[in-house]
């Protein structure tokens, strides 16, 4: 790893000023699990690292019944997984967080760092889109909020301006009938990153699906909601046949990537399987 | 490039030292403090041989900077034994034959500490899940899992 200076800003405006002044030479460090990896492998050489660890505005998990959930960007995956508040009000989020990578990374990696890296082969972004999450950014001009979907622009590209940092993630309050499922698939148990993930949030009454948000991640350049499938499920009695048909649509509609971890055909095939399992689990169907 | 003064408690002993920004926690422990029980394996966050406890949480010291440990407490494998007595986890690895070459063992023992601290009566499945950040290339994990289950029994006093 090449040498660098380590800067510790005391406040968010100070951190934004550093980012604006230093430009492309610097990177923000949250937990550091991804940043250290790419710097040690010399895929990235930043001469200045700005630590986000000292920024108090970036910590904490709070829930308000009418405002929903606020998760500070420096919150670690393990903190989200263990939070009784998250477990009670957003069980899908807690279930996702407890599966990220491995225990060591969950104890160090943060939700903010994860979304800023923009790595497609990871768990949180798809799940956050299905939860209708917003990302709050702060730069020299002040704060703004973006939907998770707008924040994630492309493969390793986010909407962050050079002087901006992520402050927190906000999730709207859950509906009474909301139920969610997060399912990830790995080729082998030794893998730390999902080959594909499916996040499904449904407003459900028995076997009727009033509304659904369905997102595929990890096998696509950037996770996105699948509108055709959501329209198909809306208002329908969800039977095994419906689950099948929806899964076929997902397999057809995703812009599947093809790389060393999985060919396009394999990823589409697994998208079909994982979607069927996810819908079956949420609607208590026998898995076909 | 920048250097930083850090205070860290390592195995109960306070260290107040100046380190360069780029010093990895694994290098700090091994090269500066000469605590060579913590191993450097893949150095890319995959194998877990460098696992240590940071404020009680298991982390990979090859993905952490020494300066990130400022103000925190670290336990390495050297900190497990107490007054010349092996820790129950260490005893169990000996009794159950939970190692072959031994290179991954310090990291696995630290992961085992975290598993048993959260739940002293885990299922084999939970032990395996807790070890998902650690690789062993000699064994088939069977005796490692047995060692940790056995250590749990000792620690519960069954």
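The values are calculated or read from the model by the stated rules, or taken from the named source; none is laboratory data. Just so we're clear, the structure is a prediction, and the values are computed from it rather than from any experiment. Quick reminder, even Gly has a Cβ in these numbers, built from the backbone with ideal geometry, and neighbours come from all protein chains shown.
Could you tell me which residue of region B:13-43 is nearest to the other protein chains (Cβ to nearest Cβ), considering only residues that are surrounded by fewer than 14 Cβ atoms within 10 Å (Cβ to Cβ) and more than 19 Å from residue B:77 (Cα to Cα)? Applying the filter and picking the extreme gives B:18. A count restricted to region B:95-106 and to residues that are within 14 Å of chain A (Cβ to nearest Cβ) and in contact with a helix residue (DSSP H, G or I) (Cβ under 8 Å, 6 or more places away or on another chain) stands at 1. Scanning region A:13-26 for residues that are surrounded by fewer than 19 Cβ atoms within 10 Å (Cβ to Cβ) and either modelled with pLDDT under 95 or in contact with a strand residue (DSSP E or B) (Cβ under 9 Å, 6 or more places away or on another chain) (or both) gives A:13, A:18, A:20, A:22, A:23, A:24, A:25. Of the residues making up region B:25-43, those that are part of a loop (DSSP other than H, G, I, E, B) and closer than 18 Å to residue A:32 by Cβ are B:38, B:40, B:42, B:43. Within the bounds of region A:188-195, is there any residue that is modelled with pLDDT of 95 or more, under 22 Å from the mean Cα position of the chain (by Cα), closer than 25 Å to residue B:129 by Cβ and not in a loop (DSSP other than H, G, I, E, B)? No, there is no match, as no residue in region A:188-195 is modelled with pLDDT of 95 or more, under 22 Å from the mean Cα position of the chain (by Cα), closer than 25 Å to residue B:129 by Cβ and not in a loop (DSSP other than H, G, I, E, B). Note on region A:166-177: among residues that are farther than 11 Å from residue A:127 by Cβ, surrounded by fewer than 24 Cβ atoms within 10 Å (Cβ to Cβ) and touching a helix residue (DSSP H, G or I) at 6+ places or on another chain (Cβ under 9 Å), the one that is farthest from the other protein chains (Cβ to nearest Cβ) is A:173.
Quick grid of which residues meet (1) without any contact (Cβ under 8 Å) to a residue 12 or more places away in the chain; (2) crowded, with 18+ Cβ neighbours inside 10 Å; (3) touching a strand residue (DSSP E or B) at 6+ places or on another chain (Cβ under 7 Å); (4) farther than 17 Å from residue A:105 by Cα:
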{"residue": "B:95", "(1), (2), (3), (4)": "no, no, no, yes"}
{"residue": "B:116", "(1), (2), (3), (4)": "no, yes, no, yes"}
{"residue": "B:120", "(1), (2), (3), (4)": "no, no, no, yes"}
{"residue": "B:132", "(1), (2), (3), (4)": "yes, yes, no, no"}
{"residue": "B:153", "(1), (2), (3), (4)": "yes, no, no, yes"}
{"residue": "B:157", "(1), (2), (3), (4)": "yes, no, no, yes"}
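Within region A:38-65, take every residue that is surrounded by fewer than 19 Cβ atoms within 10 Å (Cβ to Cβ) and in a helix (DSSP H, G or I) and give me the one that is farthest from the other protein chains (Cβ to nearest Cβ). Among those residues, the one meeting the criterion is A:57. Looking for something outside any loop (DSSP other than H, G, I, E, B), under 20 Å from residue A:91 (Cα atoms) and at pLDDT 95 or above - is there at least one such residue anywhere in region A:241-248? Scanning region A:241-248 turns up no residue that is outside any loop (DSSP other than H, G, I, E, B), under 20 Å from residue A:91 (Cα atoms) and at pLDDT 95 or above.
When we screen A:126, A:109 for residues that are in contact (Cβ under 8 Å) with a residue 60 or more places away in the chain, in contact with a strand residue (DSSP E or B) (Cβ under 8 Å, 6 or more places away or on another chain), closer than 28 Å to residue A:24 by Cβ and outside the structural domain of residue A:257 (by TED's automatic domain parsing), the only hit is A:109.
Kindly evaluate residue A:250 against the criterion of being surrounded by 14 or more Cβ atoms within 10 Å (Cβ to Cβ) and either in the same structural domain as residue A:202 (by TED's automatic domain parsing) or over 14 Å from residue A:181 (Cβ atoms) (or both). Taking the combined requirement at face value, the residue satisfies it. Taking region A:66-84 as the range and being farther than 26 Å from residue A:143 by Cα and surrounded by fewer than 20 Cβ atoms within 10 Å (Cβ to Cβ) as the test, the residues that pass are A:81, A:82, A:84.
Within region A:188-223, the set of residues being out of contact with any strand residue (DSSP E or B) (no Cβ under 7 Å at 6 or more places or on another chain) and either away from every other protein chain (no Cβ under 14 Å) or in contact (Cβ under 8 Å) with a residue 12 or more places away in the chain (or both) comprises A:192, A:193, A:205, A:206, A:220. Considering each residue of region A:8-30 in turn, none proves to be within 18 Å of residue A:108 (Cα to Cα), within 14 Å of chain B (Cβ to nearest Cβ), touching a helix residue (DSSP H, G or I) at 6+ places or on another chain (Cβ under 6 Å) and part of a helix (DSSP H, G or I).
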